[in-house]
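The values are calculated or read from the model by the stated rules, or taken from the named source; none is laboratory data. Everything quoted here is computed from the prediction, not taken from an experiment. To get the accessible areas, we keep the full protein, side chains included, count just its heavy atoms, and leave off ligands, DNA and RNA. Shrake-Rupley method; radii C 1.70, N 1.55, O 1.52, S 1.80 Å.
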Amino acid sequence: MTRVAVLAGGVGAARFLDGLVRVVEPSDVTAIVNVGDDMEWAGLHISPDLDTVTYTLADLVNPETGWGLRGESRRTLERLSELGGPDWFMIGDLDLATHLYRTHRLTQGDPLSAVTRDFTARIGLECVITPVTDDRLRTVVRTDAGELAFQDYFVRRRAADSVHALRFDGADSAKPAPGVEEALRSADAIVIAPSNPFLSIDPLLSVPGVRDLVTSNRSKVAAVSPIIGGQAVKGPAADILQSLGHDVSALGVARIYAELADIFVLDETDAALASTIEAETGMRVVVMPTLMTDVETKMALASGTLEAALDVA
Ligand code: GDP
Ligand code: CA
């Protein structure tokens, strides 16, 4: 039995987890998922990263986008648009049921973690998927246009604004969701998924207690670089590295993760950076293909990462 806790955002994390649950017992995996992207939309509670992870692991995800449901239609959104309602956030017709279910349960007083547990069980997932916290946590992005709510920055304005700072509203008083601390404590390996370090991983670490549990277990923590060849596979990670003054490379990411992880998983494209990263950060670097294009590459990355994290020197 190998217990694995994964700090997870959306698409990058979901791909990694999809490989991981095929190389270890799914019930030994706990995905601790970002909720900084959550928002209220037309009265509904939307949790984009939880849904991306859940849909991916249930093999329901739209393979073209990496988020949303496969074979989705948009009739409700089109009608909403005709009515002059909010139509800038993509909500598919079937996806809507997820948000109705979640909002209904939350309105009845159930915590997000319980709602997520029931939802994932219902669609047949054996791994644990939990929000990092049941409390309200919202990423706020400081740009030239002022402070923007996360989805305003990310979806409405298409992540086009230069990011000057980020803060996580509600983090100070948030408590880890039930089971989160125990999952980190009891894990044989902790993986920082190839997610956006600023928008996906930082909000998780901002919940009091989480960062300390990661750093104090550093010897079993492996971080996978979301940056390959100086570029993000998707999304604004490289732009944010740049605008916040970091090196736009896997080295820049490694410096950010140095105090959290002992192992850094570097893409083979960036093999030339390995010795610099090791010398500068003290992390043990393992080089392997990290681009997850199919089930085989996902499984290979998951097993390679796990092997490195379990091989405590
Ligand atoms: P989001 O919330 O949907 O943006 O998802 P994440 O934060 O989990 O993932 C976004 C990050 O995943 C981006 O920085 C990507 O560069 C990274 N990513 C996506 N696919 C891959 C992949 O196949 N390999 C690696 N190494 N990184 C990836
Ligand atoms: Ca996200």
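Miscellaneous remarks
- Expressed as a fraction of 2.2 N^0.38 Å, the value expected for a compact globular protein of N residues, the C-alpha radius of gyration of segment 102-173 is 1.41.
- Scalar couplings 3J(HN,Hα) for segment 217-228, obtained by applying the Karplus form with A = 6.51, B = -1.76, C = 1.60 to θ = phi - 60°, are 10, 2, 5, 10, 9, 10, 10, 9, 5, x, 9, 10 Hz; x denotes Gly and Pro.
- Two-decimal Rg to Rh for the chain - Kirkwood Rh, Cα set: 0.95
- Between helix 48-57 and the chain: long-axis angle, C-alpha atoms, 0 to 90°, nearest 10: 70 degrees
- Excluding ligands, DNA and RNA, the accessible surface per residue across segment 11-62 is 25 Å² with a 1.4 Å probe.
- The angle separating the long axis of helix 95-107 from the principal Cα axis of greatest extent in the chain is about 90 degrees.
- Segment 179-224, Cα convex hull volume normalised per residue, Å³: 67 Å³
- Computed over Cα pairs, the Kirkwood radius of segment 211-313 leads via Stokes-Einstein (1.567 mPa s, 4 °C) to a diffusion coefficient of 94 µm² per second.
- Structural size metrics of segment 1-137, computed from C-alpha coordinates, are Rg and Dmax of 15.0, 54 Å.
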